[in-house]
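Notes follow the structure.
The values are calculated or read from the model by the stated rules, or taken from the named source; none is laboratory data. Just so you know, these numbers come straight off a predicted model, no measurement behind them. Here the Cβ is made from the backbone with ideal geometry for all residues, glycine too, and neighbour counts use every protein chain on show.
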Amino acid sequence: MLQKKTDVVIIGSGPGGATVARELARSEAGLGITLLEKGRDWRRSPLYGTYPGGMMYTDKASFLTTQEGLTIVRPLMLGGATSMYCACAARPLPWWRDKYNIDLDAYAAETVRELGIAPLPLSLRGVASTRIADAAADLGMDWFPQDKFMQPSHSHNGFACGATCMLGCRCGAKWNAAQFVDEAVREGLDLWTGASVERILYDNGRVAGVWGKKNGKPFAIYADVVILAAGGIGSPLILQRSGLAGAGRGMTMDTTLMVYGRAPYKGIGNDPPMTWSYADDELGVLYSTLIDPWLNYPIAMLRKGPRYATTWPRWGQTLGVMIKLKDEISGYVRAKKRGFTISKGLTLNDQQRVAQAEQTAARILRKAGCDPDTIFSTPLRGTHPSGTVRIGGMLTTNLETEIQNLYVCDASVFPEALARPTVLTIISLAKRLAEFVQISAW
Ligand SMILES: Cc1cc2nc3c(=O)[nH]c(=O)nc-3n(C[C@H](O)[C@H](O)[C@H](O)COP(=O)(O)OP(=O)(O)OC[C@H]3O[C@@H](n4cnc5c(N)ncnc54)[C@H](O)[C@@H]3O)c2cc1C
């Protein structure tokens, strides 16, 4: 068995784990840090950013579903889900401070400056996407240019791809959490990829380390501090296997669906995803411009019925309005002897609000010129599995569990759904935790 002793172990390299790793590695505290990531680094593989690649580095080849049939894309690789995200950024909402006394604003502002977060210039937001925003404005909805973790100037190909690829960015324009891991490695972080943590080790209510397998070989790493950042599904599973049975009871997903319609002009398929958005916080819905990538489209539509899959030939003329719902906490993530199950549907209240949002989206598409007979909604999907190890439930506001020095720092800590892009909030939480861990280490 591989064994090691260090100061801090971090599990998972999504925005939560990668940010804590980078902040601690850069700090003066001089801590020994090991980052354990279940997946591998795919960024230099020729398959990265391709359809086969997208299937290889996602859980169950992207066919992971809840018992109720919601699909979940769950990337398992260095950088976590930021390897496949749409690079949208939203500042933490005021309720973090007002309801939970967690002030993330300064951390978010610092991140916005560091990573150059801003909307794409108008010329790069996509003609058809901009027509959707204009149509919504005609109906009295003030859509805003969506902030992006995206720098066209960093692209190797002059942004010729338009950053349309949600399967993994090959041109370098999208920020990926793996870049924070690279920085941490340069500062001395010990990175293990292919290392899957199965259990947390603890003794007398205090964390002692982790146990897992690296490429099939068992390992134990002993540490004074363990930070669990395996994501909204991974973190509750590890906690359950470690004896913390409350983890994974209830979750949110920012449950999502898209409303599509055929336009008499070129659709949004070749526009960057989500360049314009609109938040209706009274209803608890975020709208944005989005369509499934070309090859994913018929697969997603088949789940609705063969008739919908036959709309694939008009993909190039399709407009899409995405609806992200602030869904209520419900369902569960549960570890089984082998694997896990997820139950997550929509409550009655969720269903009513989705129905209302679908009508609004259809109105916008009609206004944008879509043929009303071609407008339909896609099946539901869970895009942001979160809220499975919630602040105020299993965690203190400093993200500590009932086990001393065992922290959680990822989407699972959300006390309620954001109905917003999650990554900037997760980075902010991680920066805050890194500060707390450094102070505690002194
Ligand atoms: C297609 C798609 C588009 C999205 N678009 C956006 C967007 O535009 N903007 C936005 O803000 N958000 C977006 N999101 C959501 C966002 O990417 C995630 O909410 C966010 O990455 C979650 O961060 P995390 O740190 O909680 O976990 P993750 O990013 O999921 O990272 C967790 C990591 O832990 C690893 N892991 C899991 N189990 C173990 C284990 N047992 N041992 C070791 N390692 C383990 C995983 O391999 C993974 O790398 C999108 C998500 C998807 C799937």
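Residues in the stretch 342-364: is at least one within 21 Å of the chain's Cα centre (by Cα), of a type in the set (G, A, S) and buried (at least 24 other Cβ atoms within 10 Å of the Cβ)?
Looking through the stretch 342-364, none of the residues is within 21 Å of the chain's Cα centre (by Cα), of a type in the set (G, A, S) and buried (at least 24 other Cβ atoms within 10 Å of the Cβ).
Can you give me the number of residues within the stretch 207-218 that are within 25 Å of the chain's Cα centre (by Cα) and more than 11 Å from the ligand (Cβ to nearest atom)?
0
Please state which of the following conditions R338 fails to meet, knowing it meets all the rest: (1) surrounded by 14 or more Cβ atoms within 10 Å (Cβ to Cβ); (2) farther than 19 Å from T252 by Cβ; (3) not hydroxyl-bearing (S, T, Y).
(1)
Looking at the stretch 267-386, what helices (runs of 4 or more DSSP H) fall wholly within it and have at least 2 residues that are of a type in the set (K, R)? Working first, answer last.
On the way: elements: 296-302, 306-309, 348-367.
Here the list reads 348-367.
Collect the residues in the stretch 393-417 that are touching a helix residue (DSSP H, G or I) at 6+ places or on another chain (Cβ under 7 Å) and not in a strand (DSSP E or B), keeping them in residue-number order. Spell out the reasoning first.
Initial filter on the stretch 393-417 (touching a helix residue (DSSP H, G or I) at 6+ places or on another chain (Cβ under 7 Å)): 395, 397-399, 407-413, 415.
Within the stretch 393-417, T397, N398, L399, C409, D410, A411, S412, V413, P415 qualify.
For the stretch 149-184, how many residues meet the condition of being loosely packed, with under 15 Cβ neighbours inside 10 Å and either closer than 13 Å to R43 by Cβ or among the aliphatic types (A, V, I, L, M) (or both)?
Residues flagged as loosely packed, with under 15 Cβ neighbours inside 10 Å and either closer than 13 Å to R43 by Cβ or among the aliphatic types (A, V, I, L, M) (or both) within the stretch 149-184 amount to 2.
Kindly indicate which of I268, I233, I221, I227 is modelled with pLDDT of 95 or more, under 17 Å from the mean Cα position of the chain (by Cα) and aliphatic (A, V, I, L, M). Explain how you work it out, then say what you get.
Working: I268 fails: under 17 Å from the mean Cα position of the chain (by Cα); I221 fails: under 17 Å from the mean Cα position of the chain (by Cα); I227 fails: under 17 Å from the mean Cα position of the chain (by Cα).
Selected residue: I233, the only one of I268, I233, I221, I227 that is modelled with pLDDT of 95 or more, under 17 Å from the mean Cα position of the chain (by Cα) and aliphatic (A, V, I, L, M).
Would you check if there is a residue in the stretch 83-90 being out of contact with any Pro (no Cβ under 7 Å at 6 or more places or on another chain), over 30 Å from P379 (Cβ atoms) and touching a residue at least 24 places away in the same chain (Cβ under 8 Å)?
No, the stretch 83-90 contains no residue that is out of contact with any Pro (no Cβ under 7 Å at 6 or more places or on another chain), over 30 Å from P379 (Cβ atoms) and touching a residue at least 24 places away in the same chain (Cβ under 8 Å).
In the stretch 191-209, what count of residues is obtained for those that are closer than 17 Å to G39 by Cβ and surrounded by 16 or more Cβ atoms within 10 Å (Cβ to Cβ)? Break it down into steps so the answer makes sense when it comes.
First, the residues of the stretch 191-209 that are closer than 17 Å to G39 by Cβ: 191-198.
Remaining after also requiring surrounded by 16 or more Cβ atoms within 10 Å (Cβ to Cβ): 191-193, 195-197.
The qualifying residues number 6.
Against the definition (modelled with pLDDT of 95 or more and either surrounded by fewer than 24 Cβ atoms within 10 Å (Cβ to Cβ) or within 16 Å of the ligand (Cβ to nearest atom) (or both)), how does G369 come out, yes or no?
Values: modelled with pLDDT of 95 or more: yes; either surrounded by fewer than 24 Cβ atoms within 10 Å (Cβ to Cβ) or within 16 Å of the ligand (Cβ to nearest atom) (or both): yes.
Considered against the rule, which asks whether it is modelled with pLDDT of 95 or more and either surrounded by fewer than 24 Cβ atoms within 10 Å (Cβ to Cβ) or within 16 Å of the ligand (Cβ to nearest atom) (or both), G369 comes out as yes.
I need the helices (runs of 4 or more DSSP H) fully contained in the stretch 4-118, keeping only those with at least 2 residues that are within 16 Å of the ligand (Cβ to nearest atom), aromatic (F, W, Y) and within 26 Å of M322 (Cβ to Cβ). So that I can check it myself, show each step before the final result.
Numbers: elements: 15-26, 51-56, 95-100, 105-115.
Per the criteria, no element qualifies.
Can you name the residue in the stretch 145-159 that is within 16 Å of the ligand (Cβ to nearest atom) and in a loop (DSSP other than H, G, I, E, B) and, of all such residues, is farthest from L78 (Cα to Cα)?
By that ranking, first place goes to Q146.
Could you tell me whether D292 is charged (D, E, K, R), within 15 Å of L380 (Cα to Cα) and either surrounded by fewer than 18 Cβ atoms within 10 Å (Cβ to Cβ) or within 22 Å of the chain's Cα centre (by Cα) (or both)?
On the way: charged (D, E, K, R): yes; within 15 Å of L380 (Cα to Cα): yes; either surrounded by fewer than 18 Cβ atoms within 10 Å (Cβ to Cβ) or within 22 Å of the chain's Cα centre (by Cα) (or both): yes.
When the stated conditions are applied, D292 passes them.
Just to be sure I understand, how many residues within the stretch 160-206 are of a type outside the set (S, T, N, Q), within 12 Å of the ligand (Cβ to nearest atom) and part of a loop (DSSP other than H, G, I, E, B)? Outline the logic, then answer.
Restricting attention to the stretch 160-206, the residues satisfying the condition of being of a type outside the set (S, T, N, Q) are 160-163, 165-175, 177-178, 180-192, 194-195, 197-203, 205-206.
Add one more test, that the residue is within 12 Å of the ligand (Cβ to nearest atom), and what stays is 163, 165-169, 174-175, 177-178, 180-181, 191-192, 194-195, 197-200.
Okay, now just the ones that are also part of a loop (DSSP other than H, G, I, E, B), so 163, 165-169, 175, 177, 194.
Count: 9.
Looking at (1) within 30 Å of D203 (Cβ to Cβ); (2) crowded, with 24+ Cβ neighbours inside 10 Å; (3) over 18 Å from the mean Cα position of the chain (by Cα), can you tell me which one R249 breaks?
Exception for R249: condition (2).
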